[in-house]
Amino acid sequence: MKIAILAYLEAGESKPDIVMEQVADALQSAGHQPSVITIHDDIVEIVDRVRAAKPDLVFNLVESFDKDMIGGSMGVAGVLDLLQVPYTGGGPGELYLQEDKSLSKKLLDYEEVRYPDFALFAPNADFETGGNLRMPMFVKPQRMEASQGIDEKSLVRNTTELMERVLKIHKTLGDAALAEEYIEGRELYVGVLGNTLPVAFPPIELDFSGLPEGSPRVADSAVKWDETSERYKGTKSVLATLPPELKAKVQKTAIDAYRAVRVRDYGRVDLRLTDTGEIFVIEVNASCYLEKTSEFAAAAKADGINYEALVNRIAELALERFKERKTARKRQRRTAAATATPAKTPKS
Ligand SMILES: Nc1ncnc2c1ncn2[C@@H]1O[C@H](COP(=O)(O)OP(=O)(O)O)[C@@H](O)[C@H]1O
Ligand SMILES: [Mg+2]
């Protein structure tokens, strides 16, 4: 099968993220013909290159379209829909729900999945709250990922700090600010795979024990990206040790959250577990980072699914979805034709 891996390339970067190569190798090992299409901010180029590649499937790893744009990945998914090519992960509608952290919470609420109570401070809209709030709070951008705008000062303890942080997000990121109740507890990541019957992998824990006393126990941008920092070095992902019942509860919550925000094919749910055993969903990452050493791939491995099998299963899941839709449409057309009133023969 011809599979085009679609990836975003930042301006000035000559090579895409290592994950593209890893996904390509995994697909090739299963007998597919992968190719990599990198995009930057030219929509005509995307259309031309996808059309020229004539793929049976697009493995969509696009997280952005022009770095400064919020919601670019939705546009790219929309283009793939219009080109009528099957692709992995969510469509524009799903991506919209998943990217908006306050909207996602409303969907979680309907499914009775717990999340931190919050307030949303949008620059040009009404103030919005969900629940009664108490300090400390955690302030982050409403629609960004990869811990953009999150650092050691995101944890605020009074209203002055809160408002300073809100304004900083408005001014420097141009996004609304989401202030959530800070959930003290263990940080767990649960990988989920599948559509009609999604399965949850064993939870991975972000171990903060190597951080110095007083350093916030949160995955801010230093923890995720700054390899030379004390915060990066002081944290590591490990397989979580949990009593079986609690582990099952965490996995069920992850699947409920995955379904609530309509994740397709694969994703990772980030949760916090308090001392008293309460589980809060912090975020649902649809089509999460798929690098070989990522938490998602490590969790799959812990469940007996190696990297090659994982990548190829994602491709299969996307194709199955597409085929189901195609078959349903064909069936619908056939039924419509069979039940149509025959045209009357005109009198001569
Ligand atoms: N309400 C919260 N309570 C405690 N920690 C939080 C909360 N919100 C975010 N965090 C911390 O910040 C990290 C990043 O937040 P997240 O919402 O996942 O943003 P991003 O999309 O940038 O990854 C989380 O992994 C967690 O460590
Ligand atoms: Mg996150």
Which of Pro216, Pro243, Pro116 moves the most in a Gaussian network model of the chain with Cα springs under 10 Å?
-> Pro243
In degrees from 0 to 90, rounded to the nearest 10, what is the angle of the helix 43-53 Cα long axis to the longest principal axis of the chain?
-> 60 degrees
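In debye, nearest 20, what is the charge dipole magnitude of the chain about its Cα centre with +1 on Lys and Arg Cβ and -1 on Asp and Glu Cβ, if you could check?
Computed about the Cα centre, the dipole is about 2060 debye.
Calculate the dipole size of the stretch 1-140 relative to its Cα centre from +1 charges on Lys and Arg beta carbons and -1 charges on Asp and Glu beta carbons; express the result in debye to the nearest 20. Walk me through the numbers before you get to the answer.
On the way: 12 positive and 23 negative charges, 47 e Å.
It comes to approximately 220 debye.
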Two-site label geometry, Ile18 and Val199: point separation in nm, points 7 Å out along Cα→Cβ = 2.7 nm
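Want the number for Glu316 to Asp126: 0.36 nm per residue separation, take away the alpha-carbon distance, what's left? Write out the running numbers ahead of the final one.
Details: separation 190, 0.36 × 190 = 68.40 nm, distance 4.35 nm.
That pair, Glu316 and Asp126, stretches by 64.1 nm at full extension.
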Quick one: helix 18-29 against the long Cα principal axis of the chain, what's the angle to the nearest 10°, folded into 0 to 90?
-> 40 degrees
Contact order normalised by residue count of the stretch 126-233, Cα under 8 Å, 6+ apart, percent = 25 percent
Starting at the first residue of the stretch 139-146, write each ³J(HN,Hα) from the Karplus equation 6.51 cos²θ - 1.76 cosθ + 1.60 with θ = phi - 60°, in whole Hz, x for Gly and Pro.
-> 10, 8, x, 5, 10, 10, 9, 6
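Pull up the DSSP beta bridges for the chain and report the antiparallel fraction as a percent, rounded to 5.
Numbers: 38 of 50 bridges.
Counting DSSP beta bridges with both partners in the chain, the antiparallel share is about 75 percent.
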Using θ = phi - 60° and the Karplus form 6.51 cos²θ - 1.76 cosθ + 1.60, what ³J(HN,Hα) does each residue of the stretch 316-327 get, whole Hz, x for Gly and Pro?
-> 4, 4, 5, 5, 4, 4, 5, 5, 4, 5, 5, 5
Give me the accessible area of Ser35, 1.4 Å probe, in Å² rounded to the nearest 10.
-> 50 Å²
Which listed residue (Pro244, Ala302, Ala338) has the Cα farthest towards the positive end of the charge dipole for the stretch 244-345, taking +1 on Lys and Arg C-beta and -1 on Asp and Glu C-beta about the Cα centre?
-> Ala338
With the full set of protein chains in place, find how many percent of the accessible area of the chain is carbon and sulfur; take the probe as 1.4 Å.
-> 51 percent
Projected label distance in nm at Lys233 and Leu133, using a 7 Å step from Cα toward the beta-carbon | 3.7 nm
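Mind checking the alpha-carbon convex hull of the chain and giving the volume per residue in Å³? Kindly include the intermediate steps, with their values, before the conclusion.
On the way: hull volume 69.8 nm³, N = 348.
For the chain, the hull spanned by Cα atoms encloses 201 Å³ per residue.
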Ignoring everything but the protein chains, give the 1.4 Å probe accessible area of Thr339 in square angstrom, nearest 10.
-> 110 Å²
Largest fluctuation, Asn285, Asn158, Asn195 only, Gaussian network model of the chain with Cα springs under 10 angstrom, belongs to Asn158
On the formula 1/(1 + (r/R0)^6), with r taken between the Cβ atoms of Thr339 and Glu213 and R0 of 51 Å, the FRET efficiency rounded to 0.05 is 0.10
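Test of understanding: what is the full-extension gain from Trp225 to Val47, defined as 0.36 nm times their sequence separation minus their Cα-Cα distance?
Going from the current span to full extension adds 60.8 nm.
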Amide H contacts under 5 Å for Val269, placed H, 5+ residues apart | Val190, Gly191, Val192, Asn285
For the stretch 241-252, in order, what is each residue's ³J(HN,Hα) by Karplus, 6.51 cos²θ - 1.76 cosθ + 1.60 with θ = phi - 60°, in whole Hz (x at glycine and Pro)?
-> 9, 9, x, x, 5, 5, 4, 4, 5, 5, 5, 5
Peptide ranges 257-268, 132-143 listed from the most packed, as the mean C-beta count within 10 angstrom indicates = 257-268, 132-143
Can you tell me which of 309-316, 220-227 comes out highest on packing, and rank the rest after it, using the mean Cβ neighbours within 10 Å?
-> 309-316, 220-227
Could you state the accessible area per residue of the stretch 89-235 in Å², with a 1.4 Å probe and every protein chain left in place?
-> 49 Å²
Could you rank the peptides 317-324, 41-48, 91-98 by their average count of other C-beta atoms within 10 Å per residue, with the highest value first?
-> 91-98, 317-324, 41-48
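Tell me what the chain gives for mean residue ellipticity at 222 nm when only DSSP H runs of n ≥ 4 count, each as -39,500 (n - 2.57), the sum divided by the residue total, rounded to 500 deg cm²/dmol.
Details: 11 runs with 134 residues, N = 348.
So the calculated ellipticity at 222 nm is -12000 deg cm²/dmol.
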The stretch 150-273: Rg to Rh, with Rh as the Kirkwood radius over Cα pairs | 1.01
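The values are calculated or read from the model by the stated rules, or taken from the named source; none is laboratory data. Note that this is a predicted model, so its numbers are computed, not measured. Reconstructed Cβ throughout: ideal geometry from the backbone, glycine too, with neighbour counts over all protein chains shown. Note: accessible area is taken over every heavy atom of the protein model, side chains too, but ligands, DNA and RNA are not part of it. Shrake-Rupley method; radii C 1.70, N 1.55, O 1.52, S 1.80 Å.
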